[in-house]
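Participant: Dumping the structure here so I can ask a few things about it.
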Amino acid sequence: MTFVMQVVLNRVESPNFPNTVKEVIEQKGQFTTYQNGEFQKAQITENSQKAIELLDVLENRGALYFNMVSQNNTWLDNNLSIIFVYKNHKFY
């Protein structure tokens with residue numbers, strides 16, 4: 001969760017993406033949980049609070065994209081370098 005939040009913040013800071021969190025997550029086809037409506041149903045939990053707190057202590061490796069490990073031969077895999085893998089997500 002923290003790494004995905006960091007991707008959003010990295011995009012806000014990048015000149016290649018919109019300048020606000022709202023605009024970044026609203027980009028068509030970028031964040032499935034926003035596009036399918038799950039984001040609007042989300043509740044603040046202990047885990048989400050911890051994820052926000054971790055933003056201050058985790059090393060930011062500059063990832064701008066991510067996808068599930070199980071997704072093979074995606075555009076991301078073919079065009080970008082994997083920066084790191086965490087659990088079931090690859091970060092580029």
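Participant: Mind checking which residues of segment 27-83 are among the basic types (Lys, Arg) and closer than 19 Å to residue 12 by Cβ?
Facilitator: 28, 61
Participant: Here's a follow-up. Considering segment 38-92 alone, what residues qualify as being among the basic types (Lys, Arg), closer than 14 Å to residue 1 by Cβ and exposed (fewer than 10 other Cβ atoms within 10 Å of the Cβ)? Show your work before the answer.
Facilitator: Start the filter on segment 38-92 by keeping residues that are among the basic types (Lys, Arg), which leaves 41, 50, 61, 87, 90.
Then drop every residue that is not closer than 14 Å to residue 1 by Cβ, which leaves 50, 87.
Of everything in segment 38-92, just one residue is among the basic types (Lys, Arg), closer than 14 Å to residue 1 by Cβ and exposed (fewer than 10 other Cβ atoms within 10 Å of the Cβ), namely 87.
A quick yes/no check of all residues on (1) in a loop (DSSP other than H, G, I, E, B); (2) touching a residue at least 60 places away in the same chain (Cβ under 8 Å); (3) over 22 Å from residue 86 (Cα atoms); (4) not aliphatic (A, V, I, L, M):
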| residue | (1), (2), (3), (4) |
| --- | --- |
| 5 | no, no, no, no |
| 8 | no, no, no, no |
| 11 | no, no, no, yes |
| 34 | no, no, no, yes |
| 44 | yes, no, yes, no |
| 47 | no, no, no, yes |
| 50 | no, no, no, yes |
| 53 | no, no, no, yes |
| 62 | yes, no, no, yes |
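Participant: How do the pairs read when you match residues in segment 67-92 that are touching a residue at least 60 places away in the same chain (Cβ under 8 Å) and over 20 Å from residue 29 (Cβ atoms) with residues anywhere that are surrounded by 14 or more Cβ atoms within 10 Å (Cβ to Cβ) and not hydrophobic (A, V, I, L, M, F, W, C), using Cβ under 6 Å and keeping only pairs 6 or more apart or on different chains?
Facilitator: Short answer, once both residue conditions are applied: none.
Participant: Same structure again: Failed condition for residue 82, given (1) among the aliphatic types (A, V, I, L, M); (2) in a loop (DSSP other than H, G, I, E, B); (3) within 11 Å of the chain's Cα centre (by Cα), with all others met?
Facilitator: Of the numbered conditions (1) among the aliphatic types (A, V, I, L, M); (2) in a loop (DSSP other than H, G, I, E, B); (3) within 11 Å of the chain's Cα centre (by Cα), the odd one out for residue 82 is (3).
Participant: I've got another one for you. Of all residues being touching a Lys or Arg at 6+ places or on another chain (Cβ under 8 Å) and not β-branched (Val, Ile, Thr) in segment 6-32, which is surrounded by the most Cβ atoms within 10 Å (Cβ to Cβ)? Just the residue, please.
Facilitator: Here is the first cut: in segment 6-32, the ones touching a Lys or Arg at 6+ places or on another chain (Cβ under 8 Å) are 17-18, 24.
Adding the requirement that they be not β-branched (Val, Ile, Thr) leaves 17-18.
Values: 17: 16, 18: 14.
Filtering first and then ranking leaves 17.
Where a number appears in this text, it was derived from the coordinates with a stated rule and is not lab data. The shown structure was predicted, so the numbers you read here are calculated from the model rather than taken from an experiment. Positions of Cβ are backbone-derived with ideal geometry, glycine not excepted, and every protein chain shown enters the neighbour counts.
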